[in-house]
Structures are given as structure tokens and as C-alpha cells.
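The values are calculated or read from the model by the stated rules, or taken from the named source; none is laboratory data. Because the structure is predicted, anything quoted here is derived from the model rather than measured. Cβ atoms come from the backbone with ideal geometry, glycine included; neighbour counts cover every protein chain shown. Heads up: the accessible areas ignore ligands, DNA and RNA and are worked out on the full protein's heavy atoms, side chains in. Shrake-Rupley method; radii C 1.70, N 1.55, O 1.52, S 1.80 Å.
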Amino acid sequence: MRDVLIVGAGPTGLALGVDLARRGVDALIVERAQGLFPGSRGKGIQPRTQEVFDDLGALDAIRAAGGPYPARMIWKDGERLGEQPMFEPVEADEGAPYTQPLMVAQWRTQEVLYARLVEVGGGVDFGREVTGLEQDAEGVSVRFADGAAVRARYVVAADGGRSAVRRAVGVGMAGETVDPSPFLVADVRVKGLDREYWHAFPGADGTGVALCPLAGTDVFQLAGKLTEGTEIDLSLDGVRGLVAAYTHLDAEDVTELHWASEFRPRTGLAERFRAGRVFLAGDAAHVHSPAGGQGLNTSVQDAYNLGWKLGAVLRDGAPQALLDTYEEERRPNAAAMLGLSTSVHRGEVQRGKATVQLGLGYPASSLSEETRAVPSAVRAGDRAPDGTVDGVRLFDAFRGPHWTLLGAPAPVAGLHTLPAAPQSYGPGVFLVRPDGYVGWAADTTAGLDAYLARVGRR
């Protein structure tokens, strides 16, 4: 019996696979397709996700695979009207070294995560389509289209917005249409257009197309919003016609079409993120408008939250009740991000401080214990900022699957310790979870043993 079966080899499943592999958890990823997703779809890597990839050992490769976002250049009738910044600036400081989104085509992000997965001993079985499952008190039996079956203690549905696993366990998803207009996204080669800007060609009726040079590649991502009721043609000729209609380029200037897809922006939130031994993560749990770059990033945060909890239960003897905190923490967070994505899509919120995800936390979680008489700027449930203590960078100290204690000697083996927290944290003793959030904060170590026992660190 496997410890964990992950269904879906997108960013969610791959990130979770990396995290579980480094914890010594026997996890297998299965993917219906014959290979990794080929398109650029989710291309924004927010600063908080960069911190996650730093911890997972993938940030250097992610940076090499992409680059910064260019400014937007607005065009009308073949003339440049001027440029606009894509994001409101967020100033970096010691506590937040990454503040600007990276542009990385989704297919490249997945290649990096897949390479990291293999490096830490994990793998993916491609061409394995799930057709059904049954669960009991000991595990889950998953059936595949080829007649084979796998049994695992836990299953994670990371198989997208049309999740077969979510349907199999009978979890509903409620949502709304964000925009009734049809949208197209495609990866194309284009000549006659520079790669210094994200070129936008707005139409007079609220429609339009944009051509964004994909960092780290020699192709452009084309995004188009069309008139409601339009039938979208995803062929090369169809894409060429769209470019010719909205831009000063000729149809033949689109020389290649690598990938194309159509969609109508909508939201969706699963009624539950857990059904017995089955967990929902990523698009299987929440579906976003692509505006603001929140979907992929929220999905990676799901994986990061669930990974250490599965590891604690399966390897450290933590009570199974710890797994209930996955839904407790992630579902409200996903709901908030859905609202943010919709607001960005409708032009009500600017990309910037609101979208970098550095302010997200779990202050209301049952895992967040704040016992100080006078809490400081950093509280239990907050993201643990970076900083330096005795010449040691905190993000270096946090990196890995362990817990970190700031301000006191470790009472049990397996905790990393530093003699104090940075001044920016304020006074106190802080226990930082494996996913980089402060789980426990107190004036002294009184109560620490009880908290550690609750999370499996006896």
C-alpha cells in the first residue's frame, strides 16, 4: 500500500510530490495525459510562491526558466500610445526579499518541479486515468481506465477543475461566471513585434488581444477577449485571423502555433476540501479567473500546507486530527483569493501589494497559539518573515522539512534553533512551522511541549 497517491501532475501535484518525497513519504503521482502540460497558461509566480520554491530547492531553476514582467504597451491603429506598469511596486526589505512576480510559462514551471521531484526520489506514472475509487477505514482503492488499481492510505485530488476524483467522492463545487465573454489563450511565434513590452491592442467594445513575450522562451502568449457569442477557432488560421483583426500585424506574421485553449472566466469553490481519506487541492478545490495570477499560486500553497501535515501523520506519529486543519486553513484562504482574482479581473483591485500573497496567514487557525501578554508585530498564524540572527539568514534556517524555534533551546530532537528572533519580530519565543508560518508564540517556553505533541513533534 502506498502512503499517498496524488492524482494530477500539474504544479499542485508536483509541488506536493517534492515535499512528500523529501519527508520520506512513499507518494506516487499519476497523470491522465501522456506527458506534462504543454501550455503557458499560469505564468505568474508570486513572491510567496517564490519563497515556497526556495524551501523546496527549486527557486534557482525557476528563476533561470523565466524572468521579470515587462511593462504594458498600449496600441491603437498601429501607433504606440504609451506604456503602463503591470504592477504597483512593492518595496523589498529584510523580511520580504522577493516582492516582484516572476514570469515563468506553466510548462517550464512544471519541467522544473518534475526535475526536482526526480532528484529527490519521486516520480510520475503518465497515461493513468482514474475512473473511480472506494475508501474504507484503512485506505483508498483507486481504479484506472486500463483496469489496474492502486491502494493508498490517502489520496490527493490535484486533477484540475473538472476533477474526476472530486466527482467520485461526491463533493460539489459552487461558483459564478466572472465574465460572459469568451477568452482565448495561445502560445505563438510572431515576427514584427519587439519583446520589450507586453503589447495590448484594445478594441472599441471592451474586447481586445494582448501579446506577451514569455520570459525564458522565444514565443509570445496571446490572450484575447472576444465578443459574447463568438465561436473561437483554435487553429493556426483562426489565431492568425484574430491577430490580423485586432493588431497592425499581418496574419502571416504569426508563424507558428504551439498550443491554444479557450475558456470563460469563472470561479468555483469546493464544498469541502476533505472527504475522508481524500483531499482536494489546486483547481480541483478552487477555480479562479486568471487575472492577477492567483490560481497557480494558491494551488502551490495548498500543496505546501498539506505536505507537512501528511508527513507528520504518516512519519512522525501526529494525530490524524491534524489533517482536519488542512481544510480549516486552506478553504477560507482560497475563498479570499477567489474574491481577489475576480476583483482584479473587473478592474476593482490593482496588481501589487494585494496580489503578491505575502500578507496571507492563518491567524484564526486552531494551530495558531498566541499566548503573549502583549503580542508584537509578528503573531502566531503570520507568515514568518526573513531576517538575520547571529549572521544566519532565517530563510536558510527554515529551509527543509523541519520546525524552527527562535529564542530558546529545543526541548526535543529534530527542531532547528536560533538563540533569538530578529528585532523585527518583537519580544518572545516563536515556533515556525515547516511551511514558514508562526505556529506558536509565547513569552516563555511554557506550553511548548504540549503544542509540539499536538503536531507530532514529541
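Couple of notes before you dig in:
- Chain lengthening between ASP77 and ARG272 when straightened (0.36 nm per residue, less Cα-Cα): 65.3 nm
- Ligands, DNA and RNA aside, GLU119 has an accessible area near 130 Å² when probed at 1.4 Å.
- In the chain, a dipole from Cβ-located charges (positive for Lys and Arg, negative for Asp and Glu) runs towards its positive end, and of VAL432, ALA210, GLY268 it is VAL432 whose Cα lies farthest in that direction.
- Peptides 415-421, 429-435, 251-257 ordered by average Cβ neighbours within 10 Å, highest first: 429-435, 415-421, 251-257
- Net lengthening on full extension, ASP136/ALA336 (0.36 nm per residue, minus Cα-Cα): 68.7 nm
- HN-Hα J in Hz across segment 51-58 - Karplus 6.51, -1.76, 1.60, θ = phi - 60°, x for Gly and Pro: 5, 5, 5, 4, 5, 7, x, 10
- Under 5 Å, built H, 5+ apart or other chain: amide partners of VAL190: PHE220, THR255
- Expected 222 nm ellipticity per residue - DSSP helices of 4 or more, -39500 (n - 2.57), all of the chain, to 500: -7500 deg cm²/dmol
- Degrees, to the nearest 10: 11-22 long Cα axis against longest axis of the chain: 30
- Difference of contour (0.36 nm per residue) and Cα-Cα distance, ASP194 to THR444: 84.1 nm
- Per-residue surface analysis assigns ASP179 an accessible area of about 20 Å², computed on protein heavy atoms at 1.4 Å probe radius.
- With R₀ fixed at 35 Å, the C-beta to C-beta distance from ARG143 to GLU176 puts the FRET efficiency at about 0.60.
- Segment 214-328, accessible surface, carbon-and-sulfur percent (1.4 angstrom probe): 46
- With a simple spin-label model that places each label point 7 Å from the Cα along the Cα-to-Cβ direction, the separation between HIS416 and VAL120 comes to 1.3 nm.
- Residue-wise HN-Hα coupling along segment 322-331, computed from phi with Karplus coefficients 6.51, -1.76, 1.60 (Hz; x: Gly, Pro): 4, 5, 5, 6, 4, 5, 4, 8, 7, 5
- For ARG72, distant residues with modelled amide H under 5 Å away: GLN84, MET86, TRP198
- Label assignment, Cα Rg over 2.2 N^0.38 Å derived from the structure, set [x] 1.01; [y] 0.94; [z] 1.11: [x]
- For peptides 375-381, 278-284, 50-56, 161-167, sequence by mean Cβ density within 10 Å, most packed first: 278-284, 50-56, 161-167, 375-381
- Remark: spin-label model distance ALA204-ALA321 equals 6.6 nm, labels positioned 7 Å along the Cα→Cβ axis.
- Take every DSSP beta bridge whose two residues both sit in the chain; close to 70 percent of them are antiparallel.
- Residue-count net charge about VAL120 - beta-carbon cut-off 10 Å; Lys, Arg +1, Asp, Glu -1: +1
- Three-way shape call for segment 13-103 based on the alpha-carbon gyration tensor, with the a/c threshold at 1.5: oblate
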